[in-house]
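Structure record follows, encoded as structure tokens.
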């Protein structure tokens, strides 16, 4: 019998296993998918072998745990290419001078200034889902209407919303993009200044190295379907019918996937409410390999439902990688023809070679992208609601005490769960 079983071989599970392994505990990690990484998914586009990030991408200057983990496993931090050119598609044409025509520029600038002030008002507050904000219980759609900004500003806000917020604007408050804009100068474009690095080789690779270093045993492709706790151990049953026991357990799966497991005793009220209602992150991250485009071009607008594109870096074969984001329910066609049209709208000089993405919403072990709180849901994510009262602990970036939704939050959450076990059972 292992000291600890960790359900989920994503970054949170890997961080927990590594902390426990460093303390000399025996660990078994069980992953429903046939791969490690969870929502960190690093591979090539199509048949290309150069690694791209199909899950999250960036780390920020204050993500100390991710930086330390990368250093421990000799993973290089790749600086984000600076924005060297800015383009906007206003619905009629692609613009490279100003976001809108001259006669609309004053109203557009004033609208952005109003949003910038709301962002700056969040600086040094309690976090991205700040309950003290006057907009905390207001949907993003209602917020933009209340602000009275012109349609061009709504269009621009929704481009950044595809990255940060990333769900139905009628069901989520506007604080996520405003909070991150506050970390620089309050502008939406200023968010690029905090997305400073990616991990060369991929965060999925980093996750795999952490799992290997932990010394944990690993089971892939076998989902846990039942967890039962008694006063002496935790028992679990897998899809294969296999049964296992451990002294302690860490459930390190996405909040939206917790409902795939039956718990005895049942989850607490807030936990049940959140796993039933689920967080609201529903985005598309499209990876596009093109020729004819220089790195460092940022474009916002709308193209086949995609609202934000950035030519991230040159690839080894001379092509360029473009990252694109849109809302899941606005991108019904992900075919090569549709994506070629999208690229041409934002990058007329480009030729699309290949494209690829992962459908996190239909993936049963994520059932959503990065975390996004629905209106009224924030109290359900509170750390105290997920703190262990017995032998079953929870760890995922979705409920991290800090930096939820980021890689950093996953590491923090995994290490916190491991530390709780080590503190309560020191030997």
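What follows is calculated from the coordinates using simple rules that are stated; it is not laboratory data. Keep in mind the model is a prediction, meaning the values are calculated, not measured. Cβ coordinates were reconstructed from backbone atoms using ideal geometry, including for glycine residues, and neighbour counts include every protein chain displayed.
Classify segment 318-384 as rounded, prolate or oblate, taking a ≥ b ≥ c as the square roots of the eigenvalues of its Cα gyration tensor: rounded when a/c is under 1.5, otherwise prolate if a/b is larger than b/c and oblate if not. The shape class here is prolate. The alpha carbon centroids of segment 33-82 and segment 91-106 are separated by 36 Å.
Beta bridges from DSSP with both residues in the chain: antiparallel share about 65 percent, rounded to the nearest 5.
What angle do you read, to the nearest 10 degrees and between 0 and 90, between the alpha-carbon axis of helix 336-346 and the longest principal axis of the chain? Roughly 50 degrees, rounded to the nearest 10.
Any idea what diffusion coefficient the chain gets from Stokes-Einstein, in µm²/s, Kirkwood Rh on alpha carbon pairs, 4 °C, 1.567 mPa s? It would help to have the intermediate numbers written out before the result.
Numbers: Rh = 22.2 Å.
This corresponds to a translational diffusion coefficient of 58 µm²/s.
Let me know the shape class of segment 145-288, please: from the alpha-carbon gyration tensor, a ≥ b ≥ c as square roots of the eigenvalues, rounded when a/c is under 1.5, otherwise prolate if a/b is greater than b/c, or oblate. Taking the square roots of the gyration eigenvalues as a ≥ b ≥ c, segment 145-288 is prolate. When the chain is treated as a GNM with alpha-carbon contacts under 10 Å, the residue of 106, 235, 382 showing the greatest mean-square fluctuation is 106. With both labels modelled 7 Å from their Cα along Cα-to-Cβ, the residue 276 to residue 185 distance reads 4.8 nm. The separation of segment 375-427 from segment 1-31, counted between C-alpha centres, amounts to 14 Å. Of the residues 79, 265, 169, the one that moves most in a GNM of the chain with alpha-carbon contacts below 10 Å is 265.
Percent of alpha carbon pairs in segment 1-63 separated by more than 19 Å? Intermediate values should be presented prior to the final figure.
Working: 890 of 1953 pairs.
Counting every Cα pair in segment 1-63, those more than 19 Å apart make up 46 percent.
Rg over Rh for segment 1-127 works out to 1.13, both radii taken from alpha-carbon positions and Rh defined as the Kirkwood radius.
Starting from the Cα-Cα distance between residue 195 and residue 357, subtract it from 0.36 nm times their residue separation and give me the gain in nm to one decimal. Numbers along the way, then the final one.
Working: separation 162, 0.36 × 162 = 58.32 nm, distance 2.07 nm.
The span from residue 195 to residue 357 would gain 56.3 nm if fully extended.
Hey, in the GNM for the chain with a 10 angstrom Cα cutoff, which one of 342, 68, 16 fluctuates hardest? Sorting by GNM fluctuation, first place goes to 68.
Once you reduce segment 255-278 and segment 293-357 to the center of their Cα atoms, the two points are 37 Å from each other.
Classify segment 90-209 as rounded, prolate or oblate from the Cα gyration tensor: take a ≥ b ≥ c as the square roots of its eigenvalues, call it rounded if a/c is under 1.5, otherwise prolate when a/b beats b/c and oblate if not. Cα axes put segment 90-209 in the oblate bin. For the chain, the mean residue ellipticity at 222 nm estimated from helices alone is -8500 deg cm²/dmol, where every DSSP H run of n ≥ 4 contributes -39500 (n - 2.57) and the total is divided by all residues, rounded to the nearest 500.
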